[in-house]
1. Rounded to the nearest 500, what is chain A's calculated 222 nm mean residue ellipticity when only DSSP H runs of at least 4 contribute -39500 (n - 2.57) each, over all residues?
2. Residue separation times 0.36 nm, minus the C-alpha to C-alpha distance between A:ARG576 and A:TRP426: what's the value?
3. Which order results if A:TYR343, A:TYR437, A:TYR557 are arranged by neighbouring Cβ count within 10 Å, fewest first?
4. Of A:PHE22, A:VAL44, A:SER107, whose Cα points farthest to the positive end of the dipole of segment A:19-113 (charges on the beta-carbon: +1 Lys, Arg; -1 Asp, Glu; origin at the Cα centre)?
5. Once the other residues with Cβ under 12 Å from the Cβ of A:ARG25 are scored (Lys, Arg +1; Asp, Glu -1), what is the net sum?
6. Rounded to the nearest 0.05, what FRET efficiency is calculated for A:GLU11 and B:TRP54 with R0 set to 22 Å and r the Cβ-Cβ distance?
7. Would you kindly work out the equivalent ellipsoid of segment A:19-113 from its C-alpha gyration tensor and give its semi-axes, the square roots of five times the eigenvalues, largest first in whole Å?
8. Let me know the shape class of the protein assembly as shown, please: from the alpha-carbon gyration tensor, a ≥ b ≥ c as square roots of the eigenvalues, rounded when a/c is under 1.5, otherwise prolate if a/b is greater than b/c, or oblate.
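What follows is calculated from the coordinates using simple rules that are stated; it is not laboratory data. These numbers were taken from a predicted model, which means no experiment stands behind them. For neighbour counting, all protein chains shown are included, and Cβ atoms are generated from backbone atoms with ideal geometry for every residue, glycine included.
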Amino acid sequence: MTTAVAPPLLEDTKLGPKAGGFYRRQNIWTGLGFGIFLGFVAWVVSHATIQGSNWGSDMVVTCTMLGWVIGFNVGMGTFNAPIRWMLGHDQTHEDELYAAGVSQGSSRYFKFCTDHKVVGTQYLVLVMVLFAVGGTLAMMIRTQLITAHSSFLDPQTYNAIVTVHGMVMIIATIIMVSGPFANFIMPIMIGAKDMAFPRLNAMSFWVVFSAVPCLLATFFLGGVNAGWTTYAPLSVQAPPAMDAFAMTIIVFVVSVTVAGVNTIVTVATMRAKGMTMGRLPIFTWGSVVGGALGLYAMPAFLVVMTMMITDRATGTSFFVPEMGGSQWLWENIFWIMGHPEVYVILIPPVAAVLEIASTFARKPVFGYKVAIAGFIAIASLSIMVWAHHMFTTGWAPNLAGPFMITTELISIPTGIIFLCTIGTLWRGSIWTRLPMYFVYLFIWNFIIGGVTGIYLSDVPADQFFHGDMFVTAHFHYTLLGGAMIGATAAVCYWFPKVTGRMLNERIGKVAFWTIALGIQVTYFGQFWEGFQGMARRIAQYNPQFQTANQMSTIGAYILMTGWIIFLYMMLNAWRRGKIAPANPWHAKTLEWKVPTPVPLENFVVDPVVTSDPYTYGEGVPDGQVVPEFAPTKEPELVPAGSAASGEPTATGGTN
Amino acid sequence: MSITTTDHDDAHGQDDGAHGDDHGHGPVVEGAENPGGPHETGYKRDQKERLMLWLLIGGDLLFLVLEVFTWFYLRTLNTSGLWNGAQCTTASPCTDGLGNPITSPIAKADPKHAIIIACLSILAAAFVWMSELAAKKGSAKRSVAGWAGIALVFMLAAVAWQIYQFQVLPFTTIDGAYASTYEFFMGSTLAHLILMAFVGTGLWIRAGKGRYQGGTWYRVRLIRFFAVWIAVSTTVLVVVAALFY
């Protein structure tokens with residue numbers, strides 16, 4: 001190793017009084033102000049000019065939502081750079097430093113900030129808020145279902161809550177890992193100073209942020225009672241809330257597409273010297289495959305939602321059979337998006353689980369290249385399975401067989417990745433800290449979610465289970481029990497790097513056991529309901545299903561308690577947790593080699609990578625303990641910004 | 001993972017990762033255009049932006065494919081005989097989106113307009129290409145801006161003609177699946193053309209300010225890629241709509 005004198009940190013740069021230009025005056029308040037103003041103007045103008053026409057109210061809602069989204073992003077500064085580019089007024093280096101958050105303290109978290117760590121943190125908070133909203137709606141659903149003829153919610157409100165719960169959770173789970181960690185952690189992992197396009201990165205966040213009020217507005221516009229899949233013709237006949245719902249998706253698609261492109265370009269072009277594709281940490285691979293799959297899936301979402309808006313607001317007939325359209329067109333395009341989207345959600349958390357398993361088992365990822373091939377195989381197969389969602393619709397019965405086979409084929413690469421996870425842990429000297437608890441829970445839940453998925457891919461079994469609570473239990477085991485628990489493991493693992501604080505493991509374990517119990521009780525209850533034949537999405541049911549529903553609701557309350565404890569643990573640690581060392585887990589990947597808090601542009605001196613990412617125990621004779629691994633000893637805690645593990649750091653010191 | 005912490009000059013002979021730009025190789029040199037941040041060469045920036053553009057075009061290609069899929073899917077199904085109302089007669093009328101009877105086939109859109117729009121977008125792409133060649137040859141900024149200005153005129157003309165076509169269509173959105181899909185094609189084309197006009201305006205203004213002098217022609221190449229893609233996608237939609245009534 002050679003060392004160099006570290007230049008001064010960028011954070012310490014003194015900026016001129018005009019650095020940043022318009023950015024100086026823009027923040028979340030100007031965004032909200034402009035958004036509300038332009039939304040109001042759009043409402044007034046469209047109301048005055050269109051309201052009386054045949055599809056007036058739908059057009060008014062669409063225009064108002066569009067006005068809000070554009071206004072908010074104008075107010076935030078999202079369009080500053082493109083307009084300055086068009087006018088030939090490029091941003092100066094000082095402007096860019098200002099936009100990256102230099103000299104702004106914590107106010108940068110409420111501005112259009114281009115620093116990937118700020119964007120990652122913003123995403124983390126947004127995801128937590130979305131889960132809180134979606135979880136609250138879930139509890140309302142389960143409370144309604146605690147008795148057979150409950151009147152806690154009227155059926156219309158119940159349906160609206162089911163729909164928004166579904167879409168909030170889909171949005172939150174799509175961005176729960178790719179938002180916080182592919183932004184905050186992944187660039188550091190590959191030795192990059194930032195994402196490839198920092199402004200696009202900030203844009204992706206503020207655009208998705210502006211979509212959230214559109215979704216919540218649906219409650220005040222009559223509610224969307226069509227379920228998250230919003231099948232035509234239900235969606236075409238729904239109240240004007242459906243327009244706000246579709247606008248949410250369109251805006252969300254823009255954000256996810258931009259974020260996916262940014263992730264891929266960052267990994268392809270911004271890696272440190274020596275960081276070959278074969279040396280990429282597995283989490284980076286997961287982020288890239290997930291991003292690429294999103295790039296494939298999202299255009300279908302955009303097409304189908306745009307067509308639905310035009311059906312509703314301009315009288316086209318894409319999904320109206322009596323006017324020449326077809327509801328199967330909706331189902332085909334929707335599921336061309338819908339099934340790959342499941343793997344856009346799943347692959348990044350699974351990759352994070354492999355990353356964590358390797359660190360805490362002190363072993364390289366078992367079958368590293370096979371796992372990467374598994375990710376790619378899952379992504380490839382997932383684009384050929386969409387019609388398994390339509391087995392019972394009567395669409396192309398001759399294709400049921402082929403689609404059953406492609407769906408079942410996915411279980412092979414999925415099983416291989418499972419094998420890689422187990423193989424990574426197998427005979428490892430496992431250091432069981434909080435992230436590992438959630439890795440174990442992921443394995444348990446994902447087995448159940450995966451195996452029940454094989455039942456549903458089978459045409460005869462699907463004829464029985466389709467549309468009942470068995471399906472609900474299956475995908476909750478997969479997406480909550482698998483993906484979300486994987487993401488929770490990732491939160492526990494990278495929390496010290498993101499916040500500079502350690503989580504309280506004692507509270508964390510209480511949260512873990514409560515969550516683990518809650519999941520099993522809730523969703524085993526739903527499997528039971530499904531076996532009894534109870535349909536999904538009904539507000540009241542036959543009393544014969546009541547015991548299973550009560551079990552599920554009790555489980556849901558246990559689960560909610562677990563998440564509240566977990567949230568308390570996070571917020572408490574963020575405010576007053578123990579200071580985290582730079583590398584509390586003695587991990588090998590680059591993000592742990594930089595100080596905490598991570599400086600702007602991450603590396604004061606560019607790193608050069610000279611080995612594989614998981615060199616645990618290399619050079620240690622058989623039978624000896626790996627030097628840096630001490631399972632019974634807590635890591636020594638030292639103030640943020642310093643380092644104490646004896647490992648070389650990117651800044652030329654040791655830590 | 002082991003790392004060393006060194007400047008790039010010490011790293012020759014190492015496996016390169018993606019950082020091979022720092023040694024100045026490649027077809028691009030820095031010039032008058034802002035080459036990126038303080039750590040970024042022009043080559044690096046071009047590499048990133050080209051990849052980004054190809055990925056975005058890939059996404060847009062899927063959008064295009066699904067549009068064309070919709071056309072053929074609805075045309076093949078011809079639900080209720082209302083793809084284009086070929087079976088609608090006085091004796092057996094179809095109904096439009098407002099419940100009114102349709103007793104004769106929906107008129108076919110005049111392909112002339114769509115063909116003109118496609119030609120305008122192709123010409124716009126060609127003149128962006130001329131602008132790129134002028135920048136690459138190191139011509140005066142007036143020359144680069146001149147070609148860019150002509151391209152912009154064609155882009156704006158395409159936008160205007162697309163809006164005009166909405167006014168002269170022989171059907172409205174409520175007249176069945178053919179009318180719906182045709183108008184969707186037009187809306188999609190209009191959105192793309194407006195985006196292209198925004199980029200074209202930037203090209204013209206920046207070229208006039210000499211931003212593409214001094215070896216930064218590759219920035220114009222990026223715009224050319226986009227302009228060519230817009231021309232291709234517009235042409236594909238025109239061909240589908242004109243040939244498969």
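1. About -20500 deg cm²/dmol.
2. 50.4 nm
3. The fewest-first ordering by Cβ neighbours comes to A:TYR557, A:TYR437, A:TYR343.
4. A:SER107
5. Computed value for this residue: +3.
6. Calculated transfer efficiency: 0.05.
7. Working from the Cα gyration tensor, I get semi-axes of 34, 14, 8 Å.
8. In terms of gyration-tensor shape, oblate.
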